[in-house]
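To start, the structure under review is shown below, and the notes come after it.
The values are calculated or read from the model by the stated rules, or taken from the named source; none is laboratory data. Predicted model only: the values in this text are computed from it and were never measured. Note that we place each Cβ from the backbone using ideal geometry, even for glycine, and neighbour counts take in every protein chain shown. Please note that ligands, DNA and RNA were not included when accessible areas were found on the heavy atoms of the full protein model with its side chains. Shrake-Rupley method; radii C 1.70, N 1.55, O 1.52, S 1.80 Å.
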Amino acid sequence: MFRFETAGESHGECLVATLTGLPAGIPISLQAVNRELWRRQQGYGRGGRMKIETDRAEIVAGVRHSKTIGSPIAIVIHNQDWANWTEILPVEDLDGAEDRRKPVTRPRPGHADLAGAIKYNFHDARYILERASARETTARVAIGAMAKALLGEFGICVLSHVVAVGSERLDRAVEWEELVALSRRDEVLLGCVDRVVEARMKAVVDEAFRTGDTVGGVFEVVARGLPIGLGSHVTWDSRLDGRLAQAIVSMQAVKGVEVGYAAEGAASFGSKVQDTIHYDREGRRFRRGANRAGGLEGGITNGQDLVVRGMLKPISTLRRPLESVDLETREPALAAYERSDVCVVPAAGVIGEAMVAIVLAQAFLEKFGGDALAETRRNYESYLEQVKNF
Ligand SMILES: Cc1cc2nc3c(=O)[nH]c(=O)nc-3n(C[C@H](O)[C@H](O)[C@H](O)COP(=O)(O)O)c2cc1C
């Protein structure tokens, strides 16, 4: 079983991720992992935190001589900001620690602050927001890079782009080559393949900066090179669409998910929505009239590109704080403000890629298994032969 866990607080020493279930022999490039971490930190509209952090993964277990060895993988990513928090968030309750705390007593609407404080019985939401923060996704992206390394061995590639920021939308289909070029850019504005639309998106973020507000948007993740047959229709929890939905909505600030062209489909007639089936006798393979389903039918990959979108609400912390209540006095008070992002849609796309890659790697290994890459490959190739002769 490909399984991962993460630990770490936003302003703690480090983030930690562990991963079990990757077969031995998968080539791992630290440079590729760090490139993914760098991509997660980019985009116009990020707050001051990203200027402090330059994320670098340290792999401390499970990889030797640039290959997985089948044992659990452990990754550490240090928080450079920790230097400023050693006395505010110490592990041990030192003398005078009480005076150095930075308590959050005015919970921010749209955050886990209030519900978390009540649930965990803290009158300081600090302990809640430290873990609820999307800083945690750094660890997910590192794990996603491992998942991508496995998928890459089988010609499967996962990329993303930004479809909308606030009300500005890209209203055309995107070519795969555009996504590849986007992923190679060394300067990231808003992660949109169309520079004209991207400039309009930037104007929306500028307006939010000007007015002390925030914006959300939509990202799209596309996976190419998938075999037919990952996931299954047989039980609710083996359906890949459901598993992807959970992975995407588990991301901080993501409130909606779309598989294929779901919203458009819901407003159309059935005759216009389903992807017709054709047969190419010369190539001896089935072909589809379109890919409105986003590569999934009945929770099973159908060999077309997998297309999943995530919808982000605007960031909850506003420079112009919203109404709240002080946890101590119970009097009306403006919500706490801490350095915050204004727009994170491109970063969310990168995190979305990681989450999709993780779910695909899980489904891939469920189907093809193997303790070592060569065994996984044999199983995979034998299945491809079966599909070819179908
Ligand atoms: C990449 C990324 C960065 C984020 N940065 C911030 C931030 O700087 N300030 C903030 O208030 N929320 C930020 N969020 C969103 C919050 O973490 C999230 O809204 C909050 O934890 C509550 O969870 P929920 O919105 O999923 O209910 C970010 C989300 C992502 C995906």
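Could you please put Ile59, Ile277, Ile69, Ile28 in sequence from largest to smallest accessible area, using a 1.4 Å probe?
Result of the area sort, largest leading: Ile277, Ile69, Ile59, Ile28.
If amide H atoms are built 1.01 Å from N in the plane of the peptide, which residues on other chains or at least 5 residues away come under 5 Å of the amide H of Arg239?
Those lying under 5 Å, H to H, from Arg239 are Ser232.
Taking DSSP loops as anything outside H, G, I, E and B, show the longest stretch in the chain free of GluC sites (Glu not before Pro) there with at most 10 other beta carbons within 10 Å.
Maximal segment without exposed cleavage sites: 283-390.
Could you work out [θ]222 nm for the chain from helices alone, using -39500 (n - 2.57) per DSSP H run of at least four and dividing by all its residues? Round to the nearest 500 deg cm²/dmol.
So the helix-based figure for the chain works out to -10500 deg cm²/dmol.
Using a Förster distance of 22 angstrom, determine the FRET efficiency expected from the C-beta separation of Val387 and Val234, and round it to 0.05.
Efficiency at R0 = 22 Å is approximately 0.75.
Leaving out ligands, DNA and RNA, and with a 1.4 Å probe, what % of the accessible surface on the chain is carbon or sulfur?
The C+S portion of the solvent-accessible surface of the chain is 52 percent.
Starting from the eigenvalues of the Cα gyration tensor, five times each then square-rooted, give me the equivalent ellipsoid semi-axes of the stretch 248-338, largest first, whole Å.
Equivalent-ellipsoid dimensions as semi-axes: 47, 13, 9 Å.
Modelled label-to-label distance, Arg339 and Phe209, 7 Å Cα→beta-carbon offset: nm?
1.7 nm
Could you pull out every one of the lysines with an alpha carbon less than 25 Å from that of Lys67, ignoring same-chain neighbours closer than 8 positions?
Of all the lysines, those that pass the test against Lys67 - Cα under 25 Å, at least 8 places apart if same chain - are Lys148, Lys367.
Which distance in Å, rounded to a whole number, links the C-alpha centroids of the stretch 78-112 and the stretch 30-49?
24 Å
What is the mean projected area of the alpha carbon convex hull for the stretch 184-321, to one decimal in square nanometres?
Across all orientations, the stretch 184-321 yields a mean hull projection of 11.9 nm².
Once you've got the Cα coordinates, tell me which of Lys51/Lys313; Lys202/Lys313; Lys51/Lys202 are over 21 Å apart.
Exceeds cut-off: Lys51/Lys313.
How far is helix 195-211 tilted off the main Cα axis of the chain, in degrees rounded to 10, range 0 to 90?
Relative to the chain, helix 195-211 is tipped by roughly 20 degrees.
Can you give me the distance in nm between label points at Gln246 and His278, each placed 7 Å from the Cα along the Cα-to-Cβ direction?
3.8 nm
Given C-alpha coordinates of the stretch 117-271, what is the ratio Rg to Rh with the Kirkwood estimate of Rh?
Here the Rg-to-Rh quotient is 1.00.
The chain: longest stretch without exposed trypsin sites (Lys or Arg not before Pro) (DSSP loop, at most 13 other Cβ within 10 Å), sites themselves excluded?
Longest stretch, sites excluded: 1-100.
Taking a 1.4 Å probe, which of Trp85, Trp38, Trp176, Trp236 shows the most accessible area, and what order do the others take after it?
The residues order as Trp236, Trp38, Trp176, Trp85, largest area first.
Distances longer than 22 Å among the Cα atoms of the stretch 1-117: what percent of all pairs is that?
51 percent
Looking at the stretch 125-169, what % of the alpha carbon pairs are farther apart than 12 Å?
Value for the stretch 125-169: 74 percent of Cα pairs lie more than 12 Å apart.
Looking at the calculated P(r) for the chain, what percent of the C-alpha pair distances fall above 37 Å?
Taking all Cα-Cα pairs of the chain, the fraction more than 37 Å apart is 26 percent.
How many nm separate the modelled label positions at Lys51 and Lys255, each set 7 Å beyond the Cα in the direction of the Cβ?
If labels sit at Lys51 and Lys255, their model points lie 3.0 nm apart.
Using 1/(1 + (r/R0)^6) with R0 = 51 angstrom and r between the beta carbons of Glu92 and Asp186, what's the FRET efficiency to the nearest 0.05?
According to the calculation, E is roughly 0.75.
Short version: ³J(HN,Hα) in whole Hz for each residue of the stretch 176-188, in order, from phi by Karplus 6.51 cos²θ - 1.76 cosθ + 1.60 (θ = phi - 60°), x for Gly and Pro, what are they?
Once θ is set to phi - 60°, the couplings for the stretch 176-188 become 4, 4, 5, 5, 4, 4, 4, 5, 9, 4, 9, 10, 10 Hz.
Stokes-Einstein D for the stretch 29-188 at 25 °C, 0.890 mPa s, Kirkwood Rh over Cα pairs, in µm²/s?
The diffusion coefficient I find is 129 µm²/s.
Can you work out the Karplus-derived ³J(HN,Hα) for every residue in the stretch 353-370? Use 6.51 cos²θ - 1.76 cosθ + 1.60 with θ = phi - 60°, whole Hz, and x for glycine or proline.
Values per residue, Gly and Pro as x: 4, 4, 5, 5, 4, 5, 5, 5, 5, 4, 5, 5, 6, 4, 7, 10, x, x Hz.
Just need the Rg to Rh number for the stretch 163-238, please, alpha carbons only, Kirkwood Rh.
Result: Rg/Rh = 1.12.
For Asn379 and Phe269, compute 0.36 nm times the residue count separating them, minus their Cα-Cα distance, and round to one decimal in nm.
35.5 nm
In terms of modelled amide H atoms, which long-range or inter-chain residues lie less than 5 Å from the amide H of Ala61?
For Ala61, the qualifying residues are Ala74.
At 1.4 Å probe size, what's the solvent-accessible area of Thr235? Round to the nearest 10 Å².
Accessible area of Thr235: about 60 Å².
For His78, His278, His161, write out the residues from largest to smallest accessible area, computed with a 1.4 angstrom probe and no ligands counted.
Result of the area sort, largest leading: His78, His278, His161.
Return the sequence-ordered ³J(HN,Hα) values of the stretch 131-147 in whole Hz as given by the Karplus equation 6.51 cos²θ - 1.76 cosθ + 1.60 applied to θ = phi - 60°, using x for Gly and Pro.
Result, ordered by residue: 9, 5, 4, 6, 4, 4, 5, 4, 5, 5, 5, 5, 5, x, 5, 5, 4 Hz.
Taking H placed 1.01 Å from N in the peptide plane, check which residues at least 5 places from Arg56 or on another chain put their amide H under 5 Å from its amide H.
His78
In Å, what is the Rg of the alpha-carbon atoms in the stretch 145-194, and how long is Dmax?
For the stretch 145-194, the Cα-based Rg and Dmax read 12.8, 39 Å.
How big is Rg to Rh over the stretch 299-390, alpha-carbon atoms, Rh as the Kirkwood inverse-mean-distance radius?
With Rg and the Kirkwood Rh in hand, the quotient comes to 1.29.
Per the Kirkwood treatment, what hydrodynamic radius in Å, one decimal, follows for the stretch 105-190 from the mean inverse distance over all distinct Cα pairs?
Final number for the Kirkwood radius of the stretch 105-190 is 16.7 Å.
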